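J.: This structure is in structure tokens; I'll ask about it shortly.
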Amino acid sequence: MLKGRLGLETARIPQADRHGALWLGRGNLVVDAGTLRFVTAGYDDLPSGDYALPFQTVSCLVLQPGTTITHDVMRLCARHGTGIVAAGEAGVRLYASMPFGPDRSARARRQVEDWADLNRRTHVARRMYAWRLGELFPDADITVLRGMEGARMKATYKRLSDAFGVQWAGRRFDRANPEKDSVGNAAINHAAAAVYGLAQVAVAITGTIPQLGFIHEEKSIAFALDVADMVRDRVTLPIAFAAATMPRRPGDTLERVVRKTAIKVFREQKVVALMIDRIKELFGDDDAGSDA
């Protein structure tokens, strides 16, 4: 690598001094004379134009549909610790992420330590359930908490189905034949997939380990599933039931309507920021402010 090319010899800006994620879509991301530029046709969040991006002062660039990227961009961002994530619009899917994260490994190490110790793992799981149940039960067994949460979710399904006027006969999902699912159940499945994608983006941005879940265990994105479930009642289910009752234009599928509803909610409610804050709260900011 040539000395001085693209400013690679300069020092990184600590994550503590950076802003959060910058979301880009429908444009070309290139390096021009050592400057990161984004030329976009424009979309909901950004008018068309040619923008110089302060890549050293953001933690992560999230590339939405319609975005192209050059090799030089990846080299420049890698050198300066700026993350790159390829995602669906507003984060409804995670397709890939370039390895990056906070300047230090304290948060990931804290996650590993909490996961490896059974008592600490149980404590983290209880905190997650506390956010969902509205109360911490410090002595409750996880199976008891699962039962409490299950009963609460049944009541939530009934409340939301009544509020939105959706016929509801219980949560059912036939994996062998998903087309037989009721509209409400199918909408919940599509909404959950969108929220899982956003949770994966949050996990990537915070530098935590997706495989190490505290409630979910077997999936390769177990921790992302944990994070997604923390917003199930306030985000996932309202998206699903709202979309289930929306009129559809010719050619629109239920999945498309759910995804567009999710995009709107994610942006309006800043859901990814909420997820990131929850992750930081779980594992602390032991990097003395240098985290993403």
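The values are calculated or read from the model by the stated rules, or taken from the named source; none is laboratory data. Since the structure is predicted, the reported quantities are computational estimates derived from the model, not experimental observations. Cβ: placed from backbone, ideal geometry, glycine included. Neighbour counts: every protein chain shown.
J.: Which ranges mark the strands (runs of 3 or more DSSP E) fully within the stretch 34-134 that have 1 or more residues being over 24 Å from Phe266 (Cα atoms) and of a type in the set (A, V, I, L, M)?
T.: By residue number, 35-40, 49-53, 67-69.
J.: Still on this structure, I have one more. For the stretch 139-170, which residues satisfy the criterion of being surrounded by 14 or more Cβ atoms within 10 Å (Cβ to Cβ) and either within 10 Å of Gly184 (Cα to Cα) or not assigned by TED's automatic domain parsing to the domain that holds Arg126 (or both)?
T.: Tyr157, Ser161, Val166, Trp168
J.: Here is a follow-up. Could you tell me whether any residue of the stretch 199-212 is in the same structural domain as Trp115 (by TED's automatic domain parsing), farther than 27 Å from Gly83 by Cα, of a type outside the set (D, E, K, R) and modelled with pLDDT under 95?
T.: No.
J.: Of a type in the set (A, V, I, L, M, F, W, C) and modelled with pLDDT of 90 or more: does that describe Leu24? Reasoning before the result, please.
T.: On the way: of a type in the set (A, V, I, L, M, F, W, C): yes; modelled with pLDDT of 90 or more: yes.
So Leu24 fits the description; yes.
J.: Related question: Looking at the stretch 64-99, which of the residues that are free of Cβ contacts under 8 Å to residues at least 40 places away in the same chain and surrounded by fewer than 20 Cβ atoms within 10 Å (Cβ to Cβ) is farthest from Leu36 (Cα to Cα)?
T.: So, considering only residues that are free of Cβ contacts under 8 Å to residues at least 40 places away in the same chain and surrounded by fewer than 20 Cβ atoms within 10 Å (Cβ to Cβ), the one farthest from Leu36 (Cα to Cα) is Tyr95.
J.: With the checklist (1) surrounded by 23 or more Cβ atoms within 10 Å (Cβ to Cβ); (2) under 15 Å from Leu274 (Cβ atoms) in hand, flag the one item Ala187 doesn't pass.
T.: Here Ala187 meets the rest and fails (2).
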